[in-house]
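*Asks:* The structure that follows is given in the form of structure tokens.
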Amino acid sequence: MKEVKDGDSTTTAGFAACWFGTHKDGRQPFEILLPTCIAAAVEEEVRHSEAQARERERALLAAERKRDAEQRKASEVKKEDAGDFEEAAFIAEFDRLPADYDPSSMHRVLRGPELLAAVARARAARDSELRKHDADLFDALIKRKALRTIANPGRDPDRWARDLAFLIEAHPHFAQVTEFVASRVALSVQSQGPLVIPPIHLSGPPGVGKTHYAMDLARALGAPIRIQSMENAQSPALWLGTERHWATASHGIVFEQIVNGPVANPIFLIDEIDKASQEGRYNPQAALHSLLEPVTACAVRDAGLDITFDASLVIYIATSNDPRKMSESLRTRFREFAILPPRGEQALRAAHVVATAAARKLSVPNFEPPEPALSHKLAHLSAREVYQAVQDGVAGAVQGGRLRLIVSDLPAEVVGDDDEMSPMLH
């Protein structure tokens, strides 16, 4: 047979060299001489097999990619499910009521979903300082949970009886107000529900003791009190915060007292409400319309934090000299009481109680309580004036080396003669 050269291979005429095997499978490739017609068929079959193998590889790769995509998607779904589960767990824990929960002594002021949404919004804030401020605030709220104590003196009947007696004795001209509040305390005790005191409006001339009474009432109720003068108030943001798009955004005093505070029913003394501005959007009284209504007060929104909370148990006490200057829509939301100066025996008793309280407030060791006889020199004064005069007198007595108050210690300008005082005492 005749040999022919074909590259590096030497073949016999009518035959062709076919290579089998590859280095990929770890074996040494080998050469076989086959008849040309058979070799051509074999080569075609090899090419076909290789094409099929490549197609299988592509199919396997596509299947692998598809499987990877499905696994990634499943993983994301699991993460979402885990996130949903974590959120549900957070809400359940935050809203969970203790085993000894008593609705007459504890009140829910915030809900888990609302806090969770506020936290998410805070994290998305662009301002880093605002994010940190909100994060610190919300972390504190998460630890404190949703419940706040309800101040209610009815849970301590003996102390409440003593405090009531003091209110009646020290503020006889507020007897109607004291009776109104006492009836609400009795109602809460009888119904075993939370203490609810409708908004109170005390109107009367300056110096009649409206602020002094409100302070003593707050002590008797065991609730913290915040005095807010309306004479200089300039915006409704005072109550429910400033919208977050402002650089000076901050939460309002209602959120601060309730959600950040210890009790669900703090007292707001709205002093001189008749002097508040009533001009358009800058009217500081505007927010009070919703705060004073029980239906809307249970879900008020603080603009500074964009969070809704329950302010339905807050106790509002407004004072005014001329209630006619108030808007009718706001005035009708209060239980109004007209307060007149005490007269006669009431004035004497009130002056003595206020004088005793003023002297005790100075905490001078071993200082004797003012004698009842001094009341005749003080009864013509307002509660505020009695308080100031007695404290000035105590300072004078101590300076003179005495631990008891005498008439000459009192400021000369406030001590009238008996003839001048007689109309007030009879």
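The values are calculated or read from the model by the stated rules, or taken from the named source; none is laboratory data. Given the structure is predicted, the values throughout are model-derived calculations rather than measurements. Glycine gets a Cβ as well: all are built from the backbone with ideal geometry, and neighbour counts include every protein chain shown.
*Asks:* For region 289-303, how many residues meet the condition of being part of a helix (DSSP H, G or I) and not small (G, A, S)?
*Replies:* First pass over region 289-303, keeping only residues part of a helix (DSSP H, G or I): 289-291, 294-297.
From the residues that got through so far, the ones that are not small (G, A, S) too are 289, 291, 294-296.
Qualifying residue count for the region: 5.
*Asks:* Taking the condition of being in contact with a strand residue (DSSP E or B) (Cβ under 9 Å, 6 or more places away or on another chain) and farther than 13 Å from M326 by Cβ, how many residues in region 256-297 meet it?
*Replies:* Adding up the residues that qualify gives 17.
For every residue, the table says whether it meets (1) in contact with a Ser or Thr (Cβ under 8 Å, 6 or more places away or on another chain); (2) among the aromatic types (F, W, Y); (3) modelled with pLDDT under 90; (4) more than 21 Å from L167 (Cα to Cα).
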| site | (1), (2), (3), (4) |
| --- | --- |
| A357 | no, no, yes, no |
| L362 | no, no, no, no |
| P370 | yes, no, no, no |
| Y387 | no, yes, yes, no |
| Q391 | no, no, no, no |
| Q399 | no, no, no, yes |
| L405 | no, no, no, yes |
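*Asks:* Scan region 196-209 and give yes if some residue there is touching a residue at least 24 places away in the same chain (Cβ under 8 Å), more than 30 Å from E328 (Cβ to Cβ) and either of a type in the set (V, I, T) or not assigned by TED's automatic domain parsing to the domain that holds F334 (or both), otherwise no. Spell out the reasoning first.
*Replies:* Step one: of region 196-209, the residues touching a residue at least 24 places away in the same chain (Cβ under 8 Å) are 196-209.
From what is left, the residues that are more than 30 Å from E328 (Cβ to Cβ) are none.
No, region 196-209 contains no residue that is touching a residue at least 24 places away in the same chain (Cβ under 8 Å), more than 30 Å from E328 (Cβ to Cβ) and either of a type in the set (V, I, T) or not assigned by TED's automatic domain parsing to the domain that holds F334 (or both).
*Asks:* Taking region 381-396, which residues are closer than 19 Å to Y213 by Cβ and not hydrophobic (A, V, I, L, M, F, W, C)? Steps first, please.
*Replies:* Narrowing region 381-396 to residues closer than 19 Å to Y213 by Cβ: 381-391.
Correct list: S382, R384, E385, Y387, Q388, Q391.
*Asks:* So, one more: Restricting region 114-171 to residues that are in a loop (DSSP other than H, G, I, E, B) and of a type outside the set (A, V, I, L, M), which is surrounded by the most Cβ atoms within 10 Å (Cβ to Cβ)? Can you show your working first?
*Replies:* Here is the first cut: in region 114-171, the residues in a loop (DSSP other than H, G, I, E, B) are 124-127, 145-146, 150-152, 156, 171.
Okay, now just the ones that are also of a type outside the set (A, V, I, L, M), so 126-127, 145, 152, 156, 171.
Values: R126: 6, D127: 12, K145: 18, N152: 22, D156: 12, H171: 27.
The residue in question is H171.
*Asks:* Now, a different point. Of all residues in region 281-302, which are touching a residue at least 60 places away in the same chain (Cβ under 8 Å) and closer than 18 Å to S250 by Cβ?
*Replies:* V300, R301, D302
*Asks:* Please go through region 216-253 and give me each residue that is at pLDDT below 95 and among the hydrophobic types (A, V, I, L, M, F, W, C), ordered by number.
*Replies:* Matches in region 216-253: I227, M230, A233, A237, L238, W239, L240, W246, A247, A249, I253.
*Asks:* Look at V300 and say whether it is assigned by TED's automatic domain parsing to the domain that holds I406 and within 23 Å of A223 (Cβ to Cβ). Break it down stepwise before answering.
*Replies:* Details: assigned by TED's automatic domain parsing to the domain that holds I406: no; within 23 Å of A223 (Cβ to Cβ): yes.
So V300 does not fit the description; no.
*Asks:* Sticking with this one: Which residue, of F174, F180, is on the phi < 0 side of the Ramachandran plot, in a helix (DSSP H, G or I), in contact (Cβ under 8 Å) with a residue 60 or more places away in the chain and touching a helix residue (DSSP H, G or I) at 6+ places or on another chain (Cβ under 7 Å)?
*Replies:* On the way: F180 fails: touching a helix residue (DSSP H, G or I) at 6+ places or on another chain (Cβ under 7 Å).
Answer to the check: F174.
*Asks:* Inside region 373-405, can you point out the residues that are among the aliphatic types (A, V, I, L, M), in contact (Cβ under 8 Å) with a residue 12 or more places away in the chain and under 17 Å from A351 (Cα atoms)?
*Replies:* L374, L378, A379, L381, A383, V386, A389, V390, V394, L405
*Asks:* Further question: Quick one: in region 345-380, of everything that is among the aliphatic types (A, V, I, L, M) and within 38 Å of the chain's Cα centre (by Cα), which residue is nearest to V208 (Cα to Cα)? Show your work before the answer.
*Replies:* Filtering region 345-380 down to residues among the aliphatic types (A, V, I, L, M) leaves 347-348, 350-351, 353-355, 357-359, 362, 364, 373-374, 378-379.
If we keep only those that are within 38 Å of the chain's Cα centre (by Cα) too, we end up with 353-354, 357-359, 362.
On the way: V353: 15, V354: 12, A357: 17, A358: 16, A359: 20, L362: 22 Å.
So, considering only residues that are among the aliphatic types (A, V, I, L, M) and within 38 Å of the chain's Cα centre (by Cα), the one nearest to V208 (Cα to Cα) is V354.
Listed here are the residues, each with its yes/no results for (1) more than 27 Å from I267 (Cα to Cα); (2) part of a strand (DSSP E or B); (3) not assigned by TED's automatic domain parsing to the domain that holds G204.
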residue: L305; (1), (2), (3): no, no, no
residue: S312; (1), (2), (3): no, no, no
residue: L348; (1), (2), (3): yes, no, yes
residue: V353; (1), (2), (3): no, no, yes
residue: A357; (1), (2), (3): no, no, yes
residue: S363; (1), (2), (3): no, no, yes
residue: N366; (1), (2), (3): yes, no, yes
residue: A373; (1), (2), (3): yes, no, yes
